[in-house]
Amino acid sequence: MTAEFPASLRKPQREALHAAGLGTPRAMLFWLPKGHLDRSTAMPVAQLAEGEHTIRARVRSLTVPRFRRRVPIAQAVLEDDTGKVGAVWFGRYDVKARLKPGVELLVSGRVGMGKGKKPGLQFHNPDFEEIGGEAEGLCTGGVIPVYPAVKGVGPNSLRRAVKEALELEGAKVAEYLPDAARPGPPLPGALRDLHFPADSAALAAVLPRWIFEEFFLYELAMALRRRAAVREGGGRIEVPPDVDRRIRARLPFALTAAQERAVAEIRADLASGRPMNRLLQGDVGSGKTAVAFATMLAAVAAGGQAALLVPTETLAEQHFRTLSGWLKGSRTECVLLTGSLKAAARREALARLADGSAHVAVGTHALIEPDVAFRRLLVAVVDEQHRFGVLQRAALAAKGDRPHVLVMTATPIPRTLALTAFGDLDVTTLDELPPGRTPVVTCVLPADALQPVWDDVRREVAAGRQAFLVYPLVDASDRIAAKSAIEMHEHLSRDVFPDLAVGLLHGRMKADEKAAAMDAFRASRTHVLVSTVVIEVGVDVPNATVMIIGNAERFGLATLHQLRGRIGRSKHASKCWLAAGDAGGDALKRLRVLEETQDGFRIAEEDLRMRGPGEFLGARQSGAPEFHLADLARDADVLVKAREAAFGLVKADPDLKKHPRLRKEIATRLGERMGLGGIL
Ligand code: ADP
Ligand code: MG
């Protein structure tokens, strides 16, 4: 039976829907629209302007099809009592059959200026339906749903499939949300009015329910995961006072109050008898590495091992160097595991992790490859978590028997995102920088007025300091006129600083070249380091006091803030110059936020507002939740309510026994995506 669904579509489209998991009316019903177009009111043709519009008009004439590079082009002139307007379609074979002069239509779409012999307003690829005829109200003449794309199925076919699903099963869907957790009217009406509302008021009445529901089900999954983790139980690690003393003695500084709090919370987790799942977030430079160190050494002292997963080789090497330095003279052995390790060295490192003679592993993705095995992994730390996904976190944890997991991020994550992407974690925040930091003075300026910047660099270098110059791309590219690091390096070393040592670091260099460039800069053999954003994460050279970021308008504020955190790491005053290459007013205004504040959280919230969540969660693989209707920035308050409701519900009814319909709903809709298999 279901193989025939949706009967209104052709076989290839049906198959495409099946492939996308939308092969049943039930699944199709819950393919929620991501928005709606209000095409309920027609505008007189004479009043058309550029933009999205709907008209009610007759076909006056039709020219079909001309071909350009084998693409059919149909053109029509449409008219109503007030005037005429052109319409053009590319690549549509059905236009000729459906449009005959005299036919009455509703037409909706984008109106723009046509080019060519007779410029004027025209519709580009508009949707249309014949009035009175076969009109289905699928694409115009009402409030029209817009669905997330499904490969191989056009927007109108999607609408038709949903409509068919509504007719088949729409009336049968029983309400599954508890009354207390449901804003707005119940199912099944709420489903119909979401997909094909009678008017915009009907839609407005049900939207709050769906926005809430998206968050609520997601948070429910998080609450269930967390409940499962609590039940699992895990190795208990106690840290006796003498061990604590020895760990601290390894650090060249005393912990800040914020670090102390973090260590205390983590120790409590370790001793709790269930696996820790904690997010440590702290602004760049807040000293997360030391907290990770204290956590990992607790595992080693308990006779186990610890692993630190980081996103780049540069950072892996730096952490390895730092940790090895702190461990010098102790019996704790640290190994480095990266992709560029030679086969023999890799074999040796693996053997030592497997037999337990190495206690701490620092590495990139190489660390989570299948052949890496630990004798007894008790603590897994993921640094710069926003570069990794939930699955990578899980892959590392799977190297041990329910190890304690600490994930760290230097990108301050706005609260709303922390709640969703990391909703199954406890959160600790380092809200204090180590002593001796100087606030970084930040200055936005146009890229063609760099003389004061070069003077600044000279002054600082003369005083024994160093400078970072960050450029966004590796190669020059015509397409985007960004200055490349390579070009810039040439220009600077030849024309601007012929007397200084200028180093170069970018992502396309070989691993050993990168390491050499970093070493030279760290040892002050180079005064100025020209680099791409490879230095964004974690690079620590306290002697650098100037940073110039070219084409700053291309970066998100959070990235810029992160970059800026590479300086201001010593008692010397630091300065960050943001050179905006091609900056309109908006770009400059956006950058000025950085002149005003060093508060990473404020900057992050600002970025979320202006650019959406992508900036924080990186690529899709980062496990960022995708919501159709809900918007993390706009609906933050709804998210908080949904989370409270979901966690409250799981607390009161841990297995959702009293909510069988809800339980079934979440299992079918989120079970696979959220890894609820063994939980529900
Ligand atoms: P992040 O949180 O960005 O990872 P790091 O762990 O790299 O920060 O620490 C930044 C710098 O601060 C490092 O040079 C580190 O040695 C130093 N640092 C960390 N904690 C302290 C402290 N309590 N006192 C003094 N310096 C510290
Ligand atoms: Mg760090």
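A simple charge model with +1 on the Cβ of Lys and Arg, -1 on the Cβ of Asp and Glu and nothing else charged puts the dipole of the chain at about 1200 debye relative to its Cα centre.
The distance linking segment 76-108 with segment 362-384 is 62 Å (Cα centroid to Cα centroid, whole angstrom). With each label modelled as a point 7 angstrom along the Cα→C-beta vector, the Ala449-Glu4 pair spans 7.4 nm. Calculated accessible area for segment 174-239 comes out at 38 Å² per residue, all protein chains present (probe 1.4 Å; ligands, DNA, RNA ignored).
The distance between label points at Lys172 and Val427 comes to 4.2 nm (points 7 Å beyond Cα on the Cα→Cβ vector). With all protein chains in place and ligands, DNA and RNA left out, the 1.4 Å accessible area ranks Glu432, Glu460, Glu52 as Glu52, Glu432, Glu460, largest first. Extension gain for the segment Asn125 to Leu680, taken as residue separation times 0.36 nm less the Cα-Cα distance, is 195.1 nm to one decimal. Summary of packing: across the peptides 572-581, 70-79, the per-residue average of other C-beta atoms within 10 Å ranks them, highest first, as 572-581, 70-79. Net length available on complete extension from Arg66 to Glu79 is 2.5 nm, with 0.36 nm assigned per residue and the Cα-Cα distance removed.
Gln305 sits among other residues whose Cβ lies under 13 Å from its own Cβ, and their net charge, with Lys and Arg +1 and Asp and Glu -1, is +1. The listed peptides 393-400, 298-305, ordered by packing as a protection proxy, come out as 298-305, 393-400 (highest mean of other Cβ atoms within 10 Å first).
Report the paramagnetic label zone for Arg375: residues of segment 328-347 whose backbone N is under 16 Å from a point 7 Å from Cα along the Cα-to-Cβ axis. Inside the label zone: 331-335. Toward the positive end of the charge dipole of segment 41-141, with +1 on the Cβ of Lys and Arg and -1 on the Cβ of Asp and Glu, the farthest Cα among Thr54, Leu99, Phe128 is that of Leu99. For the residue pairs Lys328/Lys514; Lys151/Lys589; Lys151/Lys658; Lys163/Lys641, alpha carbon separations beyond 29 Å are given by Lys151/Lys589; Lys151/Lys658; Lys163/Lys641.
Think of a 1.4 Å ball rolled over the protein heavy atoms: segment 241-430 then has 35 Å² of accessible area per residue.
Surface composition of the chain: carbon plus sulfur atoms contribute 53% of the solvent-accessible area (1.4 Å probe, protein chains only, all chains present).
Residues in segment 440-597 average 41 Å² of solvent-accessible surface per residue, probe 1.4 Å, ligands and nucleic acids excluded.
The values are calculated or read from the model by the stated rules, or taken from the named source; none is laboratory data. For clarity, every value in this text was computed on a predicted model and none was experimentally measured. Cβ sites come from the backbone with ideal geometry, for glycine too, and all protein chains shown count toward neighbours. To get the accessible areas, we keep the full protein, side chains included, count just its heavy atoms, and leave off ligands, DNA and RNA. Shrake-Rupley method; radii C 1.70, N 1.55, O 1.52, S 1.80 Å.
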